[in-house]
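Undergrad: Following this message is one structure expressed as structure tokens.
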Amino acid sequence: MKNVIRCICMMAIVALAFTSCKKEVQKTTKPTTAIFTITAQDLVDGNVNENRAYFDPTSLKIMFDQGDMVMIFNIDEEVPTNSQCAQYAAVQDGNCVALQNCGLGEVAENVRNAYYAFYPSGPGHIQCEFYQGENKARFYVSPTQKYRPDRVPLEAMYMAAKVDNVEHLSQTMNSETAFLFRNICGVYDMMLFDPNGPTVVKEIKITDNSFNLSGWVEVILPEVDPVEMQSLFNNYDPSDPSYMQSLSQYIDRVGFNVTEQGNTLTLTMPEEGVQIGTTQATCTHFYMVLRPLALTNGYTIDIKFADGSIKTIDLSDRNHQVAPNVIKHYGFNLANY
């Protein structure tokens, strides 16, 4: 992988782990004055009826944790070397939260062309390439996600926001001009139960037949329009030549490029594993965040249990296409596999 000079003041990257922006420390440290607020878009229920079991509608709401980190860009379209970026962290839990600067980078209070914001951020998530004279950045989509009960995995719900109707960053404190984060990916809700056992899950792996699920994604920031992107992927129609031309033009325009890609995504569990239910009514939900169009041409699921056994669910003949900001629910009676 080529060496990329990261965002401003990258010599501070090691020190960052010990600042108040680290979650474990920040929760016991009084936060400084917040600069702006962000709000996460609620998920849309995909209403899949295939072996569907009960799910909690509160799962439609994306929540930030205190200490979650966001990268803010102040983009100069004409002179990319003048563009800036900086890390900010949430000062509380919630769907709408205030943020404070982490001490890694600064952005000018006066907007240049537009502000862009991306989640998740922090060390290892985003690399900037302004020094090359282009408004490019690379975003890491990890091949692993960590299970959380009743919530999407931590730092896995990739989101983007754009604000171009303000003159100053402080104006984004206003609800009408605040950063509204739109979900780039969709959520796969895997609802497992087994009346016979084994019932303690240690790992789940999804392998896509056609699409890569992880890697470093490079884009040209000023060309990223979260609203346009959601619309394009939500209306995906490979049988429509006009649509496919529009999609191709959008991909070219944003400079989309992926390196170190892989077609598997692994959901890891806590050391003790996760107990699943024995009936459809008591099923256990395993949420995984997947890129748009994933699972369109089939996939397989490998479920590893605490006793070392593995069950494989082959869905190579299914189209369970993932759409941005949509959560789809699939129930599986593992006694059938």
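The values are calculated or read from the model by the stated rules, or taken from the named source; none is laboratory data. Fair warning: this is a prediction, and the values are worked out from it, not measured in the lab. Cβ atoms come from the backbone with ideal geometry, glycine included; neighbour counts cover every protein chain shown. The protein model used for the area step is the full one, side chains on, heavy atoms only, and it has no ligands, DNA or RNA in it. Shrake-Rupley method; radii C 1.70, N 1.55, O 1.52, S 1.80 Å.
Undergrad: Which of the numbered conditions does Lys202 fail, given that it passes all the others? Conditions: (1) open to solvent by 20 Å² or more (accessible area, probe 1.4 Å); (2) of a type outside the set (Val, Ile, Thr); (3) over 15 Å from the mean Cα position of the chain (by Cα); (4) under 19 Å from Ile251 (Cβ atoms).
TA: Result: Lys202 fails condition (4) only.
Undergrad: In the stretch 133-182, what count of residues is obtained for those that are free of Cβ contacts under 8 Å to residues at least 24 places away in the same chain and part of a helix (DSSP H, G or I)?
TA: So the answer is 1.
Undergrad: Taking the conditions exactly as written (among the polar types (S, T, N, Q) and under 27 Å from the mean Cα position of the chain (by Cα)), does Thr312 satisfy them or not?
TA: Details: among the polar types (S, T, N, Q): yes; under 27 Å from the mean Cα position of the chain (by Cα): yes.
Considered against the rule, which asks whether it is among the polar types (S, T, N, Q) and under 27 Å from the mean Cα position of the chain (by Cα), Thr312 comes out as yes.
Undergrad: Within the bounds of the stretch 84-102, is there any residue that is closer than 26 Å to Ser214 by Cβ, assigned to a loop (DSSP other than H, G, I, E, B) and either open to solvent by less than 10 Å² (accessible area, probe 1.4 Å) or touching a helix residue (DSSP H, G or I) at 6+ places or on another chain (Cβ under 8 Å) (or both)?
TA: Checking the stretch 84-102: at least one residue is closer than 26 Å to Ser214 by Cβ, assigned to a loop (DSSP other than H, G, I, E, B) and either open to solvent by less than 10 Å² (accessible area, probe 1.4 Å) or touching a helix residue (DSSP H, G or I) at 6+ places or on another chain (Cβ under 8 Å) (or both).
Undergrad: Next question, about the same structure. Which one is nearest to Ile327 (Cα to Cα), of the residues in the stretch 61-83 that are part of a strand (DSSP E or B) and in contact with a Gly (Cβ under 7 Å, 6 or more places away or on another chain)?
TA: Taking the stretch 61-83 as the starting set, the residues that turn out to be part of a strand (DSSP E or B) are 64, 69-75.
Checking which are in contact with a Gly (Cβ under 7 Å, 6 or more places away or on another chain) leaves us with 64, 69.
Working: Phe64: 18, Met69: 23 Å.
Only one residue tops the list, namely Phe64.
Undergrad: Does the stretch 215-226 hold any residues that are β-branched (Val, Ile, Thr) and closer than 22 Å to Ala156 by Cβ, and which are they? Write out each step before concluding.
TA: Filtering the stretch 215-226 for residues β-branched (Val, Ile, Thr) gives 217, 219-220, 224.
The answer is Val217, Val219, Val224.
Undergrad: Now for a different question. Would it be correct to say that Leu154 is open to solvent by 10 Å² or more (accessible area, probe 1.4 Å), touching a Lys or Arg at 6+ places or on another chain (Cβ under 7 Å) and either within 19 Å of Asp65 (Cα to Cα) or among the hydrophobic types (A, V, I, L, M, F, W, C) (or both)? Spell out the reasoning first.
TA: Details: open to solvent by 10 Å² or more (accessible area, probe 1.4 Å): yes; touching a Lys or Arg at 6+ places or on another chain (Cβ under 7 Å): yes; either within 19 Å of Asp65 (Cα to Cα) or among the hydrophobic types (A, V, I, L, M, F, W, C) (or both): yes.
Yes; evaluated as a whole, the condition is true for this residue.
Undergrad: When the residues of the stretch 298-337 are narrowed to those that are free of Cβ contacts under 8 Å to residues at least 40 places away in the same chain, farther than 29 Å from Phe233 by Cα and in a loop (DSSP other than H, G, I, E, B), which ends up least open to solvent (accessible area, probe 1.4 Å)?
TA: Gly308
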